[in-house]
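Visitor: The following block contains the structure, expressed as structure tokens.
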There are 2 protein chains.
Amino acid sequence: MANKPSIPKGTRDFGPVEMAKRNYILSTIREVYELYGFQQIETPAMETLQTLMGKYGEEGDKLLFKVLNSGDYLQKITDEELLGRQTLKLAARLCEKGLRYDLTVPFARYVVMHREELQLPFRRYQVQPVWRADRPQKGRYREFYQFDGDIVGSESLLNEVELMQIEDAVFTRLGVRVQIKINNRKILTGIAEVIGAADRIVDITVAIDKLDKIGEDGVVAELKEKGLDDAQIDKLRPIINLTGSNEEKLATISEVLKESETGLKGIEETRFILDTLCSFVPGSAAALHNEIVFDLTLARGLSYYTGAIFEVKALDTPMGSISGGGRYDNLTGIFGMPGLSGVGISFGVDRIYDVLDALHLYPADSLQTSRVLFINFGPRETAYQLPFVAQVRRAGIKAELYPDAAKMKKQMSFANAKQIPFVVLAGETEMAENKVTLKNMSTGEQSMVSPDELIEKLKA
Amino acid sequence: MANKPSIPKGTRDFGPVEMAKRNYILSTIREVYELYGFQQIETPAMETLQTLMGKYGEEGDKLLFKVLNSGDYLQKITDEELLGRQTLKLAARLCEKGLRYDLTVPFARYVVMHREELQLPFRRYQVQPVWRADRPQKGRYREFYQFDGDIVGSESLLNEVELMQIEDAVFTRLGVRVQIKINNRKILTGIAEVIGAADRIVDITVAIDKLDKIGEDGVVAELKEKGLDDAQIDKLRPIINLTGSNEEKLATISEVLKESETGLKGIEETRFILDTLCSFVPGSAAALHNEIVFDLTLARGLSYYTGAIFEVKALDTPMGSISGGGRYDNLTGIFGMPGLSGVGISFGVDRIYDVLDALHLYPADSLQTSRVLFINFGPRETAYQLPFVAQVRRAGIKAELYPDAAKMKKQMSFANAKQIPFVVLAGETEMAENKVTLKNMSTGEQSMVSPDELIEKLKA
């Protein structure tokens, strides 16, 4: 007996409705990237483990899906190695390939391998699944799509400006109100420098981020608990209670950072990005539709970002970050090609999907279903209908013919279940007049129409 | 030192130009499928080995990429098993997942798992990569895209008719002249029945297929060599020299098959498909643009097809089959759900890519590049240009701003290399008049234009 089939845990099937929704999101993002001159690339699902290992920390190495070598994969492995049972070490001998874990490392590898063909600055977008052997849980999958856009080979902050415009344009098109947060790694580095606690920057941002919840005293207590002394905390005080406009916050911090060259550079970069974005006439094509906020506590990707850091949150539904990114000065250094700066963003397609679901933001026509179903009454009627079906399709209208002469009721239920808005019927009367009857499934209205009228009504 | 990066053998990167070409093919096929009421699904890259193993023959099992279990994958394996080194058996203990080998088995698995939600007949298309640990060689890759369309839950031959229209429509849109070949498994079964050599049907079709090359005597000699006796060959004789129109060929064969119920059923099915397709007024929307030919020697997929068999070949360039498919009566039986008939086709995206390349059939505008590059003269000019860039994009025109104030020559070469047809320049004169200079990169023509004129000219 055949067993009941299943799929690997943490993976999902996408049916027609889910696909239509996801395609709506993907095509929206794709259109915006392309308006900004980004071009698509794809890389193989499998990369060599040499490319992947050591790029995501020790934990990441464990979360890589590794692909067993083909053929006699045990050939070069000794009995001692097998019986040693050192799983991680042995895995690297059993497997030389793994599934990609993100799109950034494959992109870095791509840039290095294809540098001769590339026109720098290179703007690429890439939308492909990635795989992580994480413990599956609600909203976290072992296979999920990332949609990345990066610009490499230019240090200009105009790239940051354009990426913020892209974030804004994508969520405006999707109808999601968002807040765009921006920070800069150099500012965080500067703070650590000034108080002489370079390794404490994450603790500091985590504590400051709790201001709303635990108040200034609470933050100070937490900083003490993390080992900061009074002198250090005093230096941080203006930052803990940071309020006001973006410009006011930056002014306060630049006072604190006046001794740190790096910190001031971070301020300057952030100012340029914000000033440029705010220089546009409100309501003009270049102006943002969403608020952009300088947020000192934004500390994502500290292990690789070197300049600007971005994060986007949906305003009207609780859901972590739905997009984010930043500047990394040495993307390709890990593959022996130093000195190439890049800046990029990534859209969390699955989370955006859930946001649109929660806020009912999918447009009615995003469901990719047929506009019309031709009802099948039998061979003669079908032979009569086939040229009609073809004409409708030639006019660019999605149409299907029910393939079997099933009961009328069954065919009508089929149209309803698939949310097909029109059906076409043709019997003796219609055939005598070279017409068909078009029925609107929601109003019940029906009328006999010529081929031209049929197309006209279906297009309306 | 970092090692030079590489990718697994048999896999490929797709850069912007390759992606643009492939996207052109994929969107053409997608549009046609959707006009015919097909809806997209996606399945996970990894399936359980239980789903995959035993579905592609013994050779197929070896060609599956298997994914090492996460965590302590050796835990349940004894020392004896390890030292036994039975690679295939041990692989099934080390791995419980594999990468999909085609889209058909995952689709069957999908139908069984989601049968409650599906509206039958269900028309689905699916375009995803598949992986095979084949020996890589020219034109054969370890990762490649398939683009399948199937209809399950209907035995109506109208499905076959529509699939042939889809094949015709796709290649007509792509500009590739093709021949569509059709045969029927039941006819082949009938022939085997009539001559009492059920296991010889492949040998017979292979021999008959050589008629053009080796003549009737040659074919007869080969059939003898394969073990057929004179009486059997005599019965086959009318078939060996099969000529004439589709109808004439079918008439000849039905004479040979008059004792075989199955064979005659195959003839009847083929006649229905061909008669229906040929009943349309030539040049009308329903009529085929390409020739459809009954070909008795077409014998693909004999292990699973049970009715019609299709194959499509390009006429103007040598390249094996670029699409094909057929009817399989028991798609989901392997997963415990018998009695569900299906019929489908698959487009070989990589081969179609090569055909379009060889015949230079990519439209000029299929390259997804920006329409215009704004030249960067420095911060002031850039600040002036940014609103122009945004307006152009809002008008739906792909545009980029060179992010760095590099030398003019470098920026112009960049535009040329990326095949960007226009550049925009703005200096003192333009800024004073609220205009920009638009330059056509191929003619060298340039003129000063207002924002509205700019958009108008770029759209032209």
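The values are calculated or read from the model by the stated rules, or taken from the named source; none is laboratory data. Bear in mind that the values here come from a model prediction, so they are computed numbers and not experimental data. Cβ atoms come from the backbone with ideal geometry, glycine included; neighbour counts cover every protein chain shown. All accessible areas refer to the heavy atoms of the entire protein, side chains included, with ligands and DNA or RNA removed. Shrake-Rupley method; radii C 1.70, N 1.55, O 1.52, S 1.80 Å.
Visitor: For segment B:194-203, give me the residue count where each residue is over 28 Å from the mean Cα position of the chain (by Cα), outside any loop (DSSP other than H, G, I, E, B) and buried (at least 18 other Cβ atoms within 10 Å of the Cβ).
Guide: Number satisfying all stated conditions: 3.
Visitor: Going by the conditions given, is B:ALA432 over 23 Å from A:GLN39 (Cβ atoms) and in a helix (DSSP H, G or I)?
Guide: On the way: over 23 Å from A:GLN39 (Cβ atoms): yes; in a helix (DSSP H, G or I): yes.
Judged against the criteria, B:ALA432 is a match.
Visitor: Do the conditions hold for B:ALA91, that is, is it without any contact (Cβ under 8 Å) to a residue 40 or more places away in the chain and touching a Lys or Arg at 6+ places or on another chain (Cβ under 7 Å)?
Guide: Yes; evaluated as a whole, the condition is true for this residue.
Visitor: Also, quick follow-up: Which count do you get for residues in segment B:1-15 that are within 16 Å of A:PRO106 (Cβ to Cβ), open to solvent by less than 50 Å² (accessible area, probe 1.4 Å) and either in contact with an Asp or Glu (Cβ under 8 Å, 6 or more places away or on another chain) or more than 8 Å from chain A (Cβ to nearest Cβ) (or both)?
Guide: 6
Visitor: Suppose we filter A:GLN391, A:GLN368 for residues that are assigned to a helix (DSSP H, G or I), within 7 Å of chain B (Cβ to nearest Cβ), open to solvent by 20 Å² or more (accessible area, probe 1.4 Å) and touching a residue at least 12 places away in the same chain (Cβ under 8 Å); which single one remains?
Guide: The match here is A:GLN391.
Visitor: I need the full set of residues from segment B:167-186 which are within 14 Å of chain A (Cβ to nearest Cβ) and either surrounded by fewer than 21 Cβ atoms within 10 Å (Cβ to Cβ) or among the charged types (D, E, K, R) (or both), in order please.
Guide: B:ASP168, B:THR172, B:ARG173
Visitor: Checking A:PHE122 against (1) outside the structural domain of A:ASP354 (by TED's automatic domain parsing); (2) at pLDDT 95 or above: exactly one of these is not met. Which one?
Guide: The failed condition is (1).
Visitor: Pick from A:ASP316, A:ASP404: which is of a type in the set (D, E, K, R) and either assigned to a strand (DSSP E or B) or in contact (Cβ under 8 Å) with a residue 60 or more places away in the chain (or both)? Write out each step before concluding.
Guide: Numbers: A:ASP404 fails: either assigned to a strand (DSSP E or B) or in contact (Cβ under 8 Å) with a residue 60 or more places away in the chain (or both).
Going through A:ASP316, A:ASP404 in turn, the sole match is A:ASP316.
Visitor: Inside segment A:236-256, can you point out the residues that are modelled with pLDDT of 90 or more and closer than 12 Å to A:VAL194 by Cα? Let's see the steps before the verdict.
Guide: To start, the set of residues in segment A:236-256 that are modelled with pLDDT of 90 or more comprises A:244-256.
Selection gives A:ILE253, A:SER254, A:GLU255, A:VAL256.
Visitor: List every residue pair whose Cβ atoms sit under 7 Å apart, with the two residues 6 or more apart in sequence or on different chains, where the first one lies in segment B:125-139 and is facing chain A (nearest Cβ under 10 Å) and touching a residue at least 12 places away in the same chain (Cβ under 8 Å) and the second, anywhere, is open to solvent by 20 Å² or more (accessible area, probe 1.4 Å) and small (Gly, Ala, Ser).
Guide: Close Cβ pairs satisfying both conditions: B:ALA133/A:SER70.
Visitor: Continuing with the same structure: Checking B:SER284 against (1) touching a residue at least 40 places away in the same chain (Cβ under 8 Å); (2) in the same structural domain as B:ARG124 (by TED's automatic domain parsing): exactly one of these is not met. Which one?
Guide: Only one criterion in (1) touching a residue at least 40 places away in the same chain (Cβ under 8 Å); (2) in the same structural domain as B:ARG124 (by TED's automatic domain parsing) is unmet by B:SER284, namely (1).
Visitor: Being open to solvent by 30 Å² or more (accessible area, probe 1.4 Å) and either more than 17 Å from the chain's Cα centre (by Cα) or under 25 Å from B:ARG124 (Cα atoms) (or both) is the filter here, so list the residues in segment A:322-352 that pass it.
Guide: Selection gives A:ASP329, A:ASN330, A:ILE334, A:GLY336, A:MET337, A:PRO338, A:GLY339.
Visitor: Only one of (1) farther than 30 Å from A:GLY325 by Cβ; (2) open to solvent by 10 Å² or more (accessible area, probe 1.4 Å) is not met by A:GLN411, so which one is it?
Guide: Unmet condition: (2).
Visitor: Just one of the numbered conditions (1) in a loop (DSSP other than H, G, I, E, B); (2) open to solvent by 60 Å² or more (accessible area, probe 1.4 Å); (3) within 11 Å of chain B (Cβ to nearest Cβ) is not true of A:GLU116; which one?
Guide: With (1) in a loop (DSSP other than H, G, I, E, B); (2) open to solvent by 60 Å² or more (accessible area, probe 1.4 Å); (3) within 11 Å of chain B (Cβ to nearest Cβ) applied to A:GLU116, the lone miss is (3).
Visitor: List the number of the failed condition for B:GLY378; all other conditions in (1) out of contact with any helix residue (DSSP H, G or I) (no Cβ under 8 Å at 6 or more places or on another chain); (2) within 14 Å of chain A (Cβ to nearest Cβ); (3) in contact (Cβ under 8 Å) with a residue 40 or more places away in the chain hold.
Guide: Of (1) out of contact with any helix residue (DSSP H, G or I) (no Cβ under 8 Å at 6 or more places or on another chain); (2) within 14 Å of chain A (Cβ to nearest Cβ); (3) in contact (Cβ under 8 Å) with a residue 40 or more places away in the chain, only one is false for B:GLY378: (3).
Visitor: Cβ-Cβ below 8 Å, separation at least six or inter-chain, first residue in segment B:215-244 and under 18 Å from B:LEU298 (Cβ atoms) and in contact (Cβ under 8 Å) with a residue 24 or more places away in the chain, second surrounded by 14 or more Cβ atoms within 10 Å (Cβ to Cβ) and charged (D, E, K, R): which pairs?
Guide: B:LEU242/B:LYS249
Visitor: In segment A:255-287, which residues are open to solvent by 40 Å² or more (accessible area, probe 1.4 Å) and assigned to a loop (DSSP other than H, G, I, E, B)? If you could, list the steps in order and put the result at the bottom.
Guide: Taking segment A:255-287 first, the residues open to solvent by 40 Å² or more (accessible area, probe 1.4 Å) are A:255, A:258-259, A:261-262, A:264-265, A:268, A:271-272, A:275, A:278-279, A:281-283.
Answer for segment A:255-287, where residues must be open to solvent by 40 Å² or more (accessible area, probe 1.4 Å) and assigned to a loop (DSSP other than H, G, I, E, B): A:LYS258, A:GLU259, A:SER279, A:VAL281, A:PRO282, A:GLY283.
Visitor: Here are the criteria: (1) modelled with pLDDT under 95; (2) buried (at least 20 other Cβ atoms within 10 Å of the Cβ); (3) among the polar types (S, T, N, Q). Tell me which single one B:THR87 does not satisfy.
Guide: Exception for B:THR87: condition (2).
Visitor: Could you please let me know if B:LEU99 is open to solvent by 30 Å² or more (accessible area, probe 1.4 Å), within 11 Å of chain A (Cβ to nearest Cβ) and hydrophobic (A, V, I, L, M, F, W, C)?
Guide: Working: open to solvent by 30 Å² or more (accessible area, probe 1.4 Å): no; within 11 Å of chain A (Cβ to nearest Cβ): yes; hydrophobic (A, V, I, L, M, F, W, C): yes.
For B:LEU99, the condition - open to solvent by 30 Å² or more (accessible area, probe 1.4 Å), within 11 Å of chain A (Cβ to nearest Cβ) and hydrophobic (A, V, I, L, M, F, W, C) - is not met.
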